Ligand code: 5GP
């Protein structure tokens, strides 16, 4: 059985990365897709763990070779998902979280109709502002730019299969876990297991 691709989008400061990290730690068969980006690493970020940090020239080469399943410009930098990396994980039966923006989500939805979209909402824009300030990794100008974009991004939430409001991290995580568990239990994904258990009976 192939794994499930989960597209997870959220406005900056909604707590998406924390939630996704918790989910990957919790489910043994869930992985995080490591995107390629032309932005510089923030303090504490590690190449090959948080992102593959690459130069513009290398990004262009990857585009030319058709290596991206999707890519987009976000906040003036470019981000993309490698088709090969994702296919490799899915073919091993692993489910994968793609933490990508709304433009990337549109592209994946078209290319992988079975992908499951989850939109994480902050309880308010002010809560985002507070989180981004506490994170202390972006300038005030950058934070305000991200919050303006957030207002546009939130309008796309109805295109996703699930919406989770991150008002409280543990409560939001419980909901996230339910989404992953429910998707794994969907009938089309369980048919192989069913025939494994009741093979002879169902084949008659
Ligand atoms: P940050 O710079 O804060 O890590 O990420 C900025 C934005 O880029 C976030 O909305 C994040 O979800 C998005 N992003 C990260 N990786 C990808 C990717 O591979 N593709 C797309 N389209 N967006 C991405």
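List of remarks:
- Packing order of peptides 165-173, 75-83, highest average first: 75-83, 165-173 (average count of other Cβ atoms within 10 Å over each peptide's residues).
- Dimensions in Å of segment 90-198 - Rg and Dmax from alpha carbons: 17.2, 60
- Placing a pseudo-label 7 Å from each Cα along the Cα-to-Cβ vector at residue 124 and residue 168 gives an inter-label distance of 1.8 nm.
- Between residue 84 and residue 140, full extension at 0.36 nm per residue minus the direct alpha carbon distance yields a gain of 16.5 nm.
- Cα-based helix-to-principal-axis angle, 169-184 vs the chain, degrees rounded to 10: 40 degrees
- Simple spin-label estimate for residue 60 and residue 77 gives 2.0 nm between the two label positions (7 Å along the Cα-to-Cβ direction from each Cα).
- In segment 131-177, the ratio of gyration radius to Kirkwood radius, Rg to Rh, stands at 1.05 when only Cα atoms are counted.
- DSSP bridge orientation in the chain - percent antiparallel, rounded to nearest 5: 30 percent
- Helix 140-154 axis versus longest C-alpha principal axis of the chain: approximately 40°, rounded to the nearest ten.
- Mean residue ellipticity, 222 nm, helices only, the chain: the sum of -39500 (n - 2.57) across DSSP H runs of n ≥ 4, divided by residue count and rounded to 500, is -15000 deg cm²/dmol.
- Cα principal axis extents for segment 24-103, largest first, Å: 35, 31, 22
- One way to sum up the overall shape of the chain is the equivalent ellipsoid from its Cα gyration tensor, whose semi-axes run 31, 21, 15 Å, largest first.
- For the chain, the longest principal axis of the Cα atoms and the long axis of helix 125-135 meet at an angle of about 80 degrees.
- Where labels lie 7 Å past Cα in the beta-carbon direction, separation of residue 109 and residue 175 in nm: 1.9 nm
- Dividing the mean sequence gap of close Cα pairs (under 8 Å, 6+ apart) by how many residues segment 55-204 holds gives a relative contact order of 17 percent.
Read the figures in this text as sums done on the coordinates, not as results from a lab. All of these numbers come straight from a predicted model, not from anything done at the bench. Positions of Cβ are backbone-derived with ideal geometry, glycine not excepted, and every protein chain shown enters the neighbour counts.
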